[in-house]
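Nothing in this text is a laboratory measurement; each read-out follows from the coordinates by a stated rule. Quick caveat, the model's predicted, so the values are computed rather than measured. Here the Cβ is made from the backbone with ideal geometry for all residues, glycine too, and neighbour counts use every protein chain on show.
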Amino acid sequence: MKPRQRLNVLYTDIGRGHPFYLDGLVSCLRAGYAGSIELEITSVMSVSGGLSLKLWRTVRSLYRAGSQGGLKSALYTMLRGKNRPRRGGLITGLLGRDLVRYIHEHRHPTVVAHPLLVPLLAESVPVYYMHGEIAAPEAAAAEGASRVYVPLDETARCLVAYGLKPESMVLTGLCIEPALADRAAVMVTKRINRLQHHDRLVGAFYSSGAEPAPHLAKMLAALDSLERAGQKAIVFCPAGGRLEAALLDRINVRRFKAGVPGESFIDAIRDTNILTVIYSDRKQLDSSTASLFKYFDYLVAPSHERSNWAAGLGLPMFITGPSIGPFSPLNREFLLRQEVAVDLDTDEKAGTLAGILADMLDSGKLAAMARNGTGGYAIDGFSRAASDLAAAITGGAAV
């Protein structure tokens, strides 16, 4: 019996977007290729020590602080490379010191989702770069990957324009959680029907992991508007975070525990306008999202990885600005071009969300946005990436 091929899966555990794209890929590899591929999953925080670990922790803290905008945002951008990630330089070398040592001890093909890691490792092992994001700023153009997994042709064109090899690009379609993609057709049909015939909707509110203050201000203003109008919303809050504290201090909410026996979402949302789901980690968040997604009529969030839902799952999106970092503004431009999103670019506009929803329901625009966000792109990007990656490292044919 042929031994299983080992594959390193190397996380940064910085933010949600990059880890999210590895999570989806790992899920599909485990589901479809457990017999031929053995995953060795770790993170830069686990394999680094000393000064290298301190620097990675600094990168993570700068990400969290930098997501508020301003000087710290500029510092984070400088640290990950003003233009694109390249090997070389004192800081980059120190970040990669222990990673290279780890890879030399685990000389297997390696998949990453953060562009910083590609040039650090590409001289030692074949590196596969899971770039699941629609947006492709120059900072994402990491050189040296054997394959770069991108959702759309325009994503690939941008990275090629920044110097990456066209032959390394693998188009996957949108990278949407398998638990959602598998039920997409039924959920979209029911959502469009509600948007055409119902006047009371359920909005899903998400902040980015760093919970930037400008985004929270818009979310709270929007929730105030919904509460006054008797509209409904589910707010997903990191445990102990800024959003949880601000929300519970300001708005009459009920905490809802998704997936708990005896907890009925239908009963809870009937009796309370604003429900909050508190989560401690990505696994809890993804599980709660999967169980409640069928009830979502629209999304309020910054234009990060959940932009995929608006583009591929027919979920109209209200974007909380400002766009922070290199990815968010490009995702925002894409969503507005596709006519699947509306900007909540001021606190005043966010504070009239209930009225905006009413007008868009009456005009049919909400239903039109949902239709615009379905059928245009493949939504099984994680499955396609897993298939190609498995074929590449085992010598089989992609299926």
_Extension reserve of the Asp267-Lys165 stretch, reckoned as 0.36 nm per residue once the Cα distance is removed_ = 31.3 nm
*Gaussian network model of the chain, Cα within-10 Å springs - most flexible of His114, His104, His131*: His104
*Of Pro166, Pro214, Pro261, which has the largest mean-square fluctuation in a 10 Å C-alpha GNM of the chain?*
Pro261
_What would the Debye equation give as log₁₀ I(q)/I(0) for the range 248-293 at q = 0.17, 0.27, 0.28, 0.31 Å⁻¹, counting only Cα atoms as equal point scatterers?_
-0.50, -1.07, -1.11, -1.20
*lysines with Cα under 29 Å of Lys294, excluding same-chain neighbours fewer than 8 positions away*: Lys190, Lys218, Lys232, Lys257, Lys283, Lys349, Lys365
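Sorted by average packing, counted as other Cβ atoms within 10 angstrom per residue and highest first, what order do 218-224, 373-379, 141-147, 265-271 take?
Values: 218-224: 23.7, 373-379: 19.0, 141-147: 21.7, 265-271: 12.7.
Ranking the peptides 218-224, 373-379, 141-147, 265-271 by packing returns 218-224, 141-147, 373-379, 265-271.
From the C-alpha coordinates alone, can you work out the Kirkwood hydrodynamic radius of the chain, in Å? Mind showing how you got there, number by number?
Values: mean 1/r = 0.0460 Å⁻¹.
About 21.8 Å for the chain.
Where does each of 356-367, 170-181 land if you order them by average Cβ count within 10 Å, highest first? Please report the intermediate quantities before stating the final value.
Working: 356-367: 17.1, 170-181: 21.2.
Answer by packing, highest mean first, reads 170-181, 356-367.
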*Could you pull the Cα extents of the range 178-372 along its three principal axes, largest to smallest, in whole Å?*
38, 35, 34
_For the range 178-372, what does the relative contact order come out to in percent, with C-alpha contacts under 8 Å and a separation of six or more?_
28 percent
*Select from Ser61, Ser168, Ser264 the residue whose mean-square fluctuation is largest in a Gaussian network model of the chain (Cα-Cα springs shorter than 10 Å).*
Ser264
*What relative contact order, as a whole-number percentage, does the range 94-189 give when Cα pairs under 8 Å and 6 or more residues apart are counted?*
21 percent
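Could you work out the relative contact order of the chain, using alpha carbon pairs under 8 angstrom and six or more residues apart, expressed as a whole percent?
Values: 742 pairs, mean separation 70.3, N = 399.
Taking the mean separation of contacting Cα pairs over the length of the chain, I get 18 percent.
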*Report the residues of the range 260-303 in range of a label on His106: point 7 Å along Cα→C-beta, backbone N strictly under 14 Å from it.*
none
_Sorted peptide list for 151-163, 5-17, criterion being average Cβ within 10 angstrom, highest first_ = 5-17, 151-163
*With axes computed from alpha carbons, what is the tilt in degrees of helix 213-229 against the longest principal axis of the chain, rounded to the nearest 10 within 0 to 90?*
30 degrees
*In the range 249-270, which residues have a backbone nitrogen under 19 Å from the label point lying 7 Å from Lys283's Cα in the Cα-to-Cβ direction?*
257-261
*What distance in nm separates the simple spin-label points at Ser61 and Asp182, each placed 7 Å from Cα in the Cβ direction?*
4.1 nm
*Determine the distance separating the Cα centre of the range 250-304 from the Cα centre of the range 329-372; give it in Å without decimals.*
21 Å
*What residues qualify as long-range amide H neighbours of Thr276, i.e. H under 5 Å apart, gap of 5 or more or another chain, H built at 1.01 Å from N?*
Val235, Arg254, Arg255, Phe256
